[in-house]
Structure formats: structure tokens, C-alpha cells
Amino acid sequence: MTGTVELTVEKGIAEIWLNRPDRLNAVSAELVEDLLAALDAVAGSGARAVVLAGRGRAFCAGHDLKEPTQPGDSRHRIERLQEVTRRLRNLPQPVIAAVHGYAVGAGAEFALGCDLILASQDAVFAFPEVGLGLSVTGAASRLLPLLVGPLKARELLLFGEKIEAPMAEGMGLINKLTGNDDLHETARDWAEKLAERPAAAATLAKRAVDHGIDSALEATLELEVAHALITETSPDFAKSADDFRNRT
């Protein structure tokens, strides 16, 4: 599978690569659909572990504000984006996010949807939505507080400040920090170790941990959709989008 997302399955390990390097893998409608198709393909494959990574200089720089707004009802587009979180969580295989460069907005939320998060020294996380006049998606409002605590989650969401990798490790946002050149090798090593474990037991362990977390996931996703429909038509977001598109 090629396009805005690449998929390979080899020796029991699936690697999914976001592949818009010229746009720092920023999220477009096409990338969302290609990513959903890749996750579906992985679910039916013989893979026993999955690595999600980004080509080029970043994992994913969030929504592509230079993409033209699609006409019609926004609910379908937002729900398709939310579906990425659902399918990541529902995969039988454990998923490792290998984050380098920017993981911003939707990119950070893709990482949160995975089971494990590795980050290189140059990784930078951020949740800039509030500053842009938007609301968070991808169940970040549920998953982020579980990792860093409610107080810190409010701080990260309200201020939207950049979280460099060492700080992310210190607050429990990631599992392990790696060198910039070691990220993919470490992700492969973790995936190989996971692939050696009995697949059914790994799936059950993942399901057991997620059971309490995901019991509230659907309500969270629906609330985020409702908030997104409000904020994306606001004057504040319109100004932010215009300012971004007019940058030289």
C-alpha cells in the first residue's frame, strides 16, 4: 500500500508510515482514509505487532490548515478522523508509536491512540487546538489525563505549549526516549519482542488494560465531535486559518 500512507508486513511486524513528508505528514482527508485502510489491512494480516511512524522530518504536524475546507456537513469528516482512534484501540495487535520531530494536534492524538509510545530526542508534542480556536479530537480529552493527570492535562490543552521529548518522558507521556538515530531500530526491537509473545495473550492483556479506559471512549468521542462542530465555524478559528494560509 502506497500513497499518503505506506504499509509493509514482514516477519510478523506491520509498519505503517505516514507519507506526506513535504507537509510534515499533516492530516488531510486522503491521509485519514489511507490510514484507516492500512489499519483495516493490518487487522486482517498475520502481523503480531504494529509500528506507526512518519516519513521525513516529523511524525505528524497536525491538521493541514492549508488544505481547502471541504463543503457540506463537517460531521462526517470529523467522525472519520475519530475513527482512527477507534481502529487503533480495536486492533488485536499492540501498536507502537515511533515519534520523531513534530507530533502536534491530531499527530499527538494519533500517538495517544497507540498502546506504547517511543520518542526520539528531537520529538516535540503539542496540543495547540485551544489557541487556534478549535477543540481536541481523537479522545485526547480522555486519554491525556490518564497519562499525565488531570491538572497537567488541563495545562497542556489550555496553553498548548510545546512539550519536548525529555519533558514528555518525565511526565509519563511516553514510554521511552531514544537517540534521534535509534528510534526506528528501537521500535523494531520492541515490535520483534512483542511478536514473539503468544498473540492471544498479548491481545487479552491489551483488552484488559483498555477495558476501563475505553468504557467511556464513545461518549468522549461524541462530545469531541460536538465541540469540533462548534469551534470550527467560529470567527476565532477562521482568523487562525487565514493567518496560517497567508504566512510567507
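Values computed for the structure shown
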read-out	value
Hits in the stretch 165-175 - residues which are surrounded by 14 or more Cβ atoms within 10 Å (Cβ to Cβ) and not hydrophobic (A, V, I, L, M, F, W, C)	E169, N175
Number of the exception - E196 against (1) surrounded by fewer than 23 Cβ atoms within 10 Å (Cβ to Cβ); (2) touching a Cys at 6+ places or on another chain (Cβ under 7 Å)	(2)
Residue in the stretch 199-217 that is nearest to N90 (Cα to Cα), counting only those that are surrounded by 11 or more Cβ atoms within 10 Å (Cβ to Cβ) and modelled with pLDDT under 80	D214
Criterion (closer than 24 Å to R80 by Cβ and either open to solvent by 20 Å² or more (accessible area, probe 1.4 Å) or modelled with pLDDT of 95 or more (or both)) met by exactly one of A108, A123, A119	A108
Some residue of the stretch 101-112 being out of contact with any Phe, Trp or Tyr (no Cβ under 9 Å at 6 or more places or on another chain) and closer than 22 Å to A168 by Cα	yes
Among the candidates P71, P92, residue that is assigned to a loop (DSSP other than H, G, I, E, B) and modelled with pLDDT of 95 or more	P92
Qualifying residue in the stretch 96-105 (condition: small (G, A, S) and either open to solvent by 50 Å² or more (accessible area, probe 1.4 Å) or not in a strand (DSSP E or B) (or both))	yes
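The values are calculated or read from the model by the stated rules, or taken from the named source; none is laboratory data. Just so it is clear, the model here is predicted, and its values are computed rather than measured. Using ideal geometry, Cβ is built from the backbone for each residue, glycine included, and neighbour counts are taken over all protein chains shown. These accessible areas exclude ligands, DNA and RNA; they are computed on the full protein's heavy atoms, side chains included. Shrake-Rupley method; radii C 1.70, N 1.55, O 1.52, S 1.80 Å.
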